[in-house]
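What follows is a single structure, written as structure tokens, with notes after it.
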2 protein chains.
Amino acid sequence: MAEECNSIFERKHGQNGIVQPLLTDLYQITMAYAYWKAGKDRDNAVFDLFFRRNPFQGEFTIFAGLEECVKFLDKFCYSQSDIDYLRQILPPSIEDEFYEFLKGLTAKDVTLHAIEEGSVVFPRIPLIRVEGPLIVAQLLETTFLNLVNYASLMATNAARYRMASGNLTLLEFGLRRAQGPDGGLSASKYAYIGGFDGTSNVLAGKLFNIPVKGTHGHAYITSFTGFADLKTIELKPKDGGDALDLLALSQKWRKELVVIFKVVIAEVSDGELAAFVSFAIAFPHQFMALVDTYDVLKSGLLNFCAVALALHELGYRAIGIRIDSGDLAYLSIVSRQYYTQISVEYDLPWFKDLVIMASNDINEETILSLNDQGHKIDCFGIGTHLVTCQKQPALGCVYKLVELNSMARIKLSQDVSKVTIPGKKNVYRLYGESGYSLVDLLQKWDEDPPQAGKKVLCRHPFEESKRAFVTPSKVEALHKVYWKNGEICKPIRNMQEIRERVQRSMRTLRGDIKRNLNPTPYKVSVSDKLYSFLHELWLQNAPIGELS
Amino acid sequence: MAEECNSIFERKHGQNGIVQPLLTDLYQITMAYAYWKAGKDRDNAVFDLFFRRNPFQGEFTIFAGLEECVKFLDKFCYSQSDIDYLRQILPPSIEDEFYEFLKGLTAKDVTLHAIEEGSVVFPRIPLIRVEGPLIVAQLLETTFLNLVNYASLMATNAARYRMASGNLTLLEFGLRRAQGPDGGLSASKYAYIGGFDGTSNVLAGKLFNIPVKGTHGHAYITSFTGFADLKTIELKPKDGGDALDLLALSQKWRKELVVIFKVVIAEVSDGELAAFVSFAIAFPHQFMALVDTYDVLKSGLLNFCAVALALHELGYRAIGIRIDSGDLAYLSIVSRQYYTQISVEYDLPWFKDLVIMASNDINEETILSLNDQGHKIDCFGIGTHLVTCQKQPALGCVYKLVELNSMARIKLSQDVSKVTIPGKKNVYRLYGESGYSLVDLLQKWDEDPPQAGKKVLCRHPFEESKRAFVTPSKVEALHKVYWKNGEICKPIRNMQEIRERVQRSMRTLRGDIKRNLNPTPYKVSVSDKLYSFLHELWLQNAPIGELS
């Protein structure tokens, strides 16, 4: 076993090199020992993984990270080196047999139910239900939370940006500001799942097969001071023939354009033109220019248009510009006007549709505000706010014991929102005739599922008077088995499928639940039976105080 | 070369499995190709890595991540699989020779100067200066920023928590809420460097040799409903002899304590006592109890004290309690009163000093407020706010070209704070007689260094009238060579040394610069020569507008 386990470790590469059983809080291991020592190694537990509040002042969350959890279960075991390390940090009073027990531990006796990755989910609904030996189920807690919390937060954030920006192209540019190397990788992955179209992160592209995008930065522009820095100025036309002088052609076009742009040529940077020409020679089919190093309207845009027109003479079509500072709405509107004017002036219909990309410290609110201002941007490159989830950098998923040896457990708290819903439960999503989801319903696991066309009573879990009859047009059982008897039970979906699932799932949510400002809360309810069960157990467990 | 490189890859394990040249933005590679294509492969560049504003509304930052940058340089090369991937995503027009060029690329011609890791640093000061071939220097940008940004942010955050909490024990508990698996690992590492005493993260302990701490969570407590759940109730005395019934002893003590605590015994949870007894049997030398599952004062603390007194009869000394909810100041004060009362009542002097640990969503402001309330906590366990740096989840380090082929470069901006200080520079820290640092001074690289006892003019880089003569008692050259001629030039310090450096460096800062509320900004200045140079270059580069 141990040897086999070590070989699994050696096979681990890339991101998952660190997703291993020691990626956990020490107290899980000390609890495991105390459970073992107390003879609870055969106890059977049910844990629910859920969150209590949607992030970003919103009313929905995208569930992600499940695939990583299932892979973690599949490889769950302690290597000899793990055991050696634990021996070193745990007290010498720990019995040897416990280490033997750990060595033999796998997740084969655990059953994992979960909601499909990429689904919209809501507070209190168990995203994952873990059943199995108490010790193993307990040992999964921290790693599962780590894998789900940030993944879901990022996917939700990305889905919100996607919603704000309609069908525009969204690129994730956050690696440099992300929380550590893997913070960057996970960000790229879950931004893509949440609805982004690509990333600048090359390793993420390689590992996850995400489209990778990027052109150049300001350093590239400032590394050229003038035409003398250009060692190569010739480019072969697209359809063959002798190479032509792209610099001379660009300069010729620049002379024409200063009239349109109403600029004196002395104001237009030669270094910038040199940089653009060299970049166009390197990437004649993908020419995209960063235009704000000096002045977008007086220099960058003009130089770009000059090179784009020169490239056109050689048969190439430029892509567009990127603006990384300034008033993005205004600059994009004016840039589009110039595109259009040139398009008309030279009878080049495609010119008016050249790309305008914006990438300066953009967040969800910026996009909404740009929308109000009628911006003409086609593509956003989004970094810091997206990847660090600046508006709320953590999701508070928790992992709570709800049943032990077939007896329901409740965690009480003076804060009602922290009281857990006890026992093993099933979750159903009830849809209305419109196709929108109406309510999520938690039931005791042995209740009959609700049926389409049949009236069912949905109750608020904690407020007695809040209840409603619902007659669903469609009922979806949200929990499916992903891991049982030591095997992955459902083929793990690829990222593309999960990404599509997100958009499909988002479409089942009414607009008022998804909107940015004062969204309507989605209803999460319990069946009448579960309501009674919960409140009986609560009374049984809450001590009766004595006023004195 | 390629084979050698692949073998380096195979040797990579753990965290650094993902710190590799492809952990970058694609535009670095496209720029590299355009530079190469433009014949700029022999250009020699100087880049500065610096930030513009201190995080957390503070006036200082701790520099961290340097060790990782140097290790990255040491292993910098593209594997065959990297090249294959790049071929796949870059346009087919890219020349084959470029891939050959990339294959042979290493960081051996790069020289890296840096400030010592763990130092307090300030805006605009180059933390790292990279000199070398333009292409390689450019290719390092994103990875360096990724390695420095979060590391410095975390270390700064941790140092602020350390400052707020004086000599109390600080433990990092953030893994479950961190931004991805490595977000958690990096958090543990840099929290320790910033001044924390340990972590709950076992893998961080194993990889970085950080002390690891942890006891049990609420699930452990709720997994026991009463005494019947206890299969083992006996414990051998510390100094040997027959095992005694720890449950019976604890119950005996509990009967005595209900009088002191003024509680009816029916209010005290039996399940909780059972859990504590079982945990004490598992860890008799390290008994620490989570006391807020039911009610801290009516149940948890009382049960803990009962077990602690029972353990004492067997010769063991308990550690203390952890409180994870409620009014931490009040609960800690009352808990300490009970400790003291029991200490007096039973003549056990050590009892009054038992540990009180608090761990409920704590941030810097909470600690400062608890201080004001005269809390009696010995140890904080801090998670979400610490590891995600909730107050400000990203540091904005940038990496700017300041010189190319011995010609200084300036990046202008309408926002003065974004104008770069051009050219290759040296950095000195000037100290006063008190031992506090007075000012950081940037000079052109060929200026004579300032000398102790000699007056030097320090100027604000952008405000003409702000200048002062300083006569330093001590001058420290902040930049040292860490990498040159393909070799690591300074032994990389271990984490313990960096951690000590942080505290030493913090002590050189005046209190008003470090305080939480309205801190005084530390002065960052330039020499008179650099001032003139900067402003001449600015005028040369800024186009003269035309009013019309």
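The values are calculated or read from the model by the stated rules, or taken from the named source; none is laboratory data. These figures come from a predicted structure and were not determined experimentally. Cβ: placed from backbone, ideal geometry, glycine included. Neighbour counts: every protein chain shown. Surface accessibility is based on the protein's heavy atoms, side chains included, excluding ligands, DNA and RNA. Shrake-Rupley method; radii C 1.70, N 1.55, O 1.52, S 1.80 Å.
What's the angle, to the nearest 10 degrees (0 to 90), between helix B:181-194's Cα axis and the longest principal axis of chain B?
Approximately 90 degrees, to the nearest ten.
From the C-alpha gyration tensor of chain A, pull out the three semi-axes of the equivalent ellipsoid (sqrt of 5λ each), sorted largest to smallest, in whole Å.
Its equivalent ellipsoid spans semi-axes of 55, 29, 18 Å.
What does the charge dipole of chain B about its Cα centre add up to, to the nearest 20 debye, if the Cβ of each Lys and Arg holds +1 and the Cβ of each Asp and Glu holds -1?
In total the dipole reaches around 1280 debye.
Give me the accessible area per residue for region A:389-459, probe 1.4 Å, as a whole number in Å².
Accessible surface, normalised per residue, equals 41 Å².
Sorted by packing (mean other beta-carbon atoms within 10 Å per residue), highest first, where do B:105-111, B:152-158, B:43-49 land?
Sorting B:105-111, B:152-158, B:43-49 by mean packing, highest first, produces B:152-158, B:43-49, B:105-111.
If you count the DSSP beta bridges with both ends in the protein assembly as shown, what percent of them are antiparallel, to the nearest 5?
Of all bridge pairs located within the protein assembly as shown, approximately 70 percent are antiparallel.
Based on the Kirkwood radius over alpha-carbon pairs, what value in µm²/s does the Stokes-Einstein equation return for the translational diffusion coefficient of region A:11-108 at 20 °C and 1.002 mPa s?
This corresponds to a translational diffusion coefficient of 134 µm²/s.
Mind pulling the per residue volume of the convex hull built on the Cα atoms of region A:255-320? Å³ is fine.
Value for region A:255-320: 73 Å³ per residue.
I need the P(r) histogram for the protein assembly as shown: all alpha carbon pairs, bin width 10 Å from 0 out to the longest distance, whole percents.
Taking every Cα pair in the protein assembly as shown, the percentages come to 2, 10, 18, 21, 19, 14, 9, 5, 1, 0, 0.
What does the structure give for B:386-395 when I average, per residue, the other chain Cβ atoms found within 10 Å of the residue Cβ?
Per-residue shielding by partner chains comes out at 5.
When the accessible area of each residue in region A:120-151 is compared between its chain alone and the complete protein assembly (1.4 Å probe; ligands, DNA and RNA ignored), which residues differ by at least 50 Å², being lower in the assembly?
Those residues are A:N146, A:Y150.
Counting Lys and Arg as +1 and Asp and Glu as -1, each charge on the Cβ, what is the dipole of region A:118-218 about the Cα centre in debye, to the nearest 20?
Rounded to the nearest 20 debye, it is 240 debye.
Do any trypsin sites (Lys or Arg not before Pro) in region B:203-259 lie in a loop, going by DSSP, with at most 11 other beta-carbon atoms within 10 Å of their beta carbon, and if so which?
Listed in order of number, the matching sites are B:K231.
Can you give the angle from 0 to 90° between the axis of helix B:328-345 and the longest principal axis of chain B, with both taken from C-alpha atoms, to the nearest 10?
Compared with the principal axis, the helix lies near 40 degrees.
Among A:A274, A:L244, A:V416, which residue has its Cα positioned farthest towards the positive end of the charge dipole of chain A, with +1 placed on the Cβ of Lys and Arg, -1 on the Cβ of Asp and Glu, and the dipole taken about the Cα centre?
Farthest towards the positive end: A:V416.
Quick one: give the max-minus-min coordinate of the C-alpha atoms of region B:296-338 along each principal axis, largest first, in Å.
34, 18, 16
Going Cα to Cα from B:K108, which aspartates and glutamates come in below 12 Å? Please leave out same-chain ones fewer than 8 positions away.
Those aspartates and glutamates meeting the cut-off are B:D74, B:E131, B:E487.
Given the options B:Q392, B:L368, B:I321, identify the residue whose Cα lies farthest towards the positive end of the charge dipole of region B:313-402 (+1 on Cβ of Lys, Arg; -1 on Cβ of Asp, Glu).
Result: B:Q392, furthest along the dipole toward the positive end.
Rank these residues by their accessible area, most exposed first, probe 1.4 Å: A:R467, B:R510.
Ranking A:R467, B:R510 by accessible area, largest first, yields A:R467, B:R510.
Given a 1.4 angstrom probe, what's the average accessible area per residue across region B:491-540, in square angstrom?
Solvent-accessible surface per residue comes out at 57 Å².
On the protein heavy atoms, probe 1.4 angstrom, tell me the percent of accessible surface of chain B carried by carbon and sulfur.
48
Give me the 1.4 Å probe accessible area per residue for region A:327-372, excluding ligands and nucleic acids, in Å².
Here the per-residue accessible area is 45 Å².
Measuring nothing but label to label, 7 Å from Cα along Cα→Cβ, what are A:E95's distances to the other copies in nm, shortest first?
From this label point to the equivalent ones elsewhere in the assembly: 7.3 nm.
Using only protein heavy atoms and a 1.4 angstrom probe, determine the accessible area buried between A and B, summed over both sides, in Å² to the nearest 100.
Its buried surface, counting both partners, is about 8900 Å².
Please give the calculated 222 nm ellipticity per residue for chain A, where each DSSP H segment of at least 4 residues contributes -39500 (n - 2.57) and the sum is spread over every residue; nearest 500 deg cm²/dmol?
That calculation yields -11500 deg cm²/dmol at 222 nm.
Roughly how crowded by other chains is peptide A:170-178, in terms of the mean Cβ count from those chains within 10 Å of each of its Cβ atoms?
Partner-chain Cβ atoms within 10 Å, mean over residues of A:170-178: 6.
How large is the dipole of the protein assembly as shown about the Cα centre if only Lys and Arg carry +1 and Asp and Glu carry -1, each at its Cβ, rounded to the nearest 20 debye?
Once rounded to the nearest 20, the dipole reads 1220 debye.
Let me know the mean shielding of B:86-99 by other chains, meaning the per-residue number of their Cβ atoms within 10 Å of its Cβ.
Partner Cβ neighbours, averaged per residue: 2.
For chain B, what relative contact order do you get, as a whole percent, if you take Cα pairs closer than 8 Å and at least 6 residues apart?
Relative contact order comes out at 18 percent.
Mind checking which lysines have their C-alpha under 17 Å from B:K352, skipping anything on the same chain fewer than 8 residues away?
Excluding near neighbours in sequence, the set is B:K376.
Strictly over 21 Å apart at the Cα level, which of A:K454/A:K474; B:K425/B:K480; A:K298/B:K37; A:K400/A:K425; A:K418/A:K466 would you flag in this model?
A:K298/B:K37
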